[in-house]
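Nothing in this text is a laboratory measurement; each read-out follows from the coordinates by a stated rule. It should be emphasised that the depicted structure is a prediction, and the values quoted were computed from it without experimental measurement. Here the Cβ positions follow ideal geometry from the backbone for every residue, glycine too, while neighbour counts run over all protein chains shown.
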Amino acid sequence: MDTTIRITDELVLKNPVMSASGTFAYGEEFSEVIDLSLLGGIVTKGLSLEPSKGNPVPRIVETPCGMINSIGLENIGIEAFLKSKLPLLGQWKTPVVVNFYGTNEDDYEILASMLDSKKDVAALEMNVSCPNIKKGGIHFGKDPDYLYSLVSKVRQATNKTLLVKLSPLASDIAEVAISVQEAGADGITCVNTIPAMAIDENTWMPVLANITGGLSGPAIKPVALYMVWEVSKHVHIPIIAAGGAASYRDVIQFMLAGASAVEIGSYALRDPFCFTTIIEGLDKYMQENALDRLEDIVGKLKT
């Protein structure tokens with residue numbers, strides 16, 4: 001059975017199961033409990049030019065079937081990542097996808113340029129859709145014309161496989177996806193978290209210090225599933241699904257809807273062994289359904 005997924009010639013996954021940015025940090029903690037070489041791909045925590053402390057605490061709250069985070073893209077900065085984290089990630093022979101973000105266009109171009117020459121970086125994932133930072137983030141990802149300009153500039157700054165992570169808040173996500181494709185992106189990650197909030201009825205105050213954050217987990221899977229399907233009807237570049245996947249069944253459903261691979265995010269915080277369970281489940285599904293190539297089911301939803 002062949003579980004290989006080809007996103008581009010430079011980004012070939014041994015299976016469609018990837019970590020999601022933000023919940024996997026830089027892989028160190030997870031490497032203590034699972035074999036990272038089993039994963040199809042590792043997506044790093046979002047990086048910025050300078051280190052960021054993120055938002056004040058409390059910044060995570062559990063909700064029914066999910067969680068709201070307001071981490072605010074806390075990270076160690078690109079220089080520290082290249083020096084201390086990337087060399088460690090290279091030892092597992094699993095493609096490393098570096099998620100990055102900026103607060104202006106220059107930031108994105110500089111970061112892409114800095115990562116372009118790093119052999120241990122298989123691909124870049126542009127975050128233009130984070131709902132819990134005050135600058136940049138989601139504002140970049142809602143305007144198709146502006147996003148076309150931004151992605152075009154980043155495309156000129158790197159020859160790496162370039163993925164763009166879309167926001168579920170775009171008024172027409174298909175239009176945004178088309179603009180990203182036309183600007184030269186090699187693939188699309190669909191989608192980021194959904195803006196949300198939690199209130200403490202005893203204190204009459206928001207639970208999160210930042211008031212709002214991004215909802216993730218199984219609660220948003222039906223939304224993400226629909227958006228993957230909608231985007232897949234309008235673009236020909238690969239789609240990587242993100243949003244609520246927690247089982248091999250979820251992965252299969254996303255692939256049928258049009259995704260080539262699937263990122264596992266907040267569910268891994270609840271069960272860090274879920275990656276192994278999901279990969280084993282995919283093998284069993286292929287056996288039970290007499291599938292020779294897992295890639296053959298991509299976009300085969302019967303409607």
Relative contact order of segment 194-303, defined on C-alpha pairs under 8 angstrom at six or more residues apart (%): 22
Distance between segment 65-90 and segment 1-32 - C-alpha centres, whole angstrom: 16
Efficiency of FRET between Ala25 and Ser247 - r from beta-carbon atoms, R0 22 angstrom, step 0.05: 0.45
Net charge over other residues, Cβ less than 15 angstrom from the Cβ of Gly187 (K, R count +1; D, E count -1): -3
Alpha-carbon centroid distance for the pair segment 186-211 / segment 149-183, whole angstrom: 24
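Apply the Kirkwood formula to the chain: the hydrodynamic radius equals the inverse of the mean of 1/r over all pairs of different alpha-carbon atoms; give it in Å with one decimal.
One over the average 1/r among Cα pairs gives 19.0 Å for the chain.
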Where labels lie 7 Å past Cα in the beta-carbon direction, separation of Met197 and Ser152 in nm: 3.8
Segment 1-52 - convex hull of the alpha-carbon atoms, volume per residue in Å³: 95
Relative contact order (percent, whole number), segment 90-204, Cα cutoff 8 Å, 6+ residue spacing: 25
Built amide H within the under 5 Å cut-off of Thr63, gap 5+: Ile68
Positive minus negative residues near Ala177 (Lys, Arg vs Asp, Glu; Cβ under 11 Å): -3
Global geometry of segment 178-303, whether rounded, prolate or oblate, following the gyration tensor of its Cα atoms and the 1.5 cut on a/c: oblate
Packing-based order for 36-42, 50-56, 150-156, using average beta carbon neighbours within 10 Å, highest first: 36-42, 150-156, 50-56
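Under 8 Å for C-alpha pairs, at least 6 residues apart: give me the relative contact order for the chain, rounded to a whole percent.
It comes to 20 percent, rounded to a whole number.
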Segment 1-100 shape via C-alpha gyration tensor axes, a/c threshold 1.5: oblate
For peptides 79-85, 2-8, sequence by mean Cβ density within 10 Å, most packed first: 2-8, 79-85
Considering only segment 98-246, percent of DSSP beta bridges that pair antiparallel, nearest 5: 30
Nearest-0.05 FRET efficiency for Glu74 and Phe273, computed from C-beta distance (R0 22 Å): 0.30
Cut-off 11 Å, label 7 Å out along Cα→Cβ of Lys93, residues of segment 22-65 by amide N: 37-38
Over 19 Å between alpha carbons, listed pairs Lys83/Lys165; Lys14/Lys85; Lys93/Lys119; Lys233/Lys300; Lys14/Lys284: Lys83/Lys165; Lys14/Lys85
Cβ-based net charge around His234, under 13 Å, with every Lys or Arg adding one and every Asp or Glu removing one: -3
Amide H partners (placed H, <5 Å) of Val164, local residues excluded: Met126, Gly187, Ile188, Thr189
Cα centre as origin, Lys/Arg/Asp/Glu Cβ charges: the chain dipole, Debye: 20
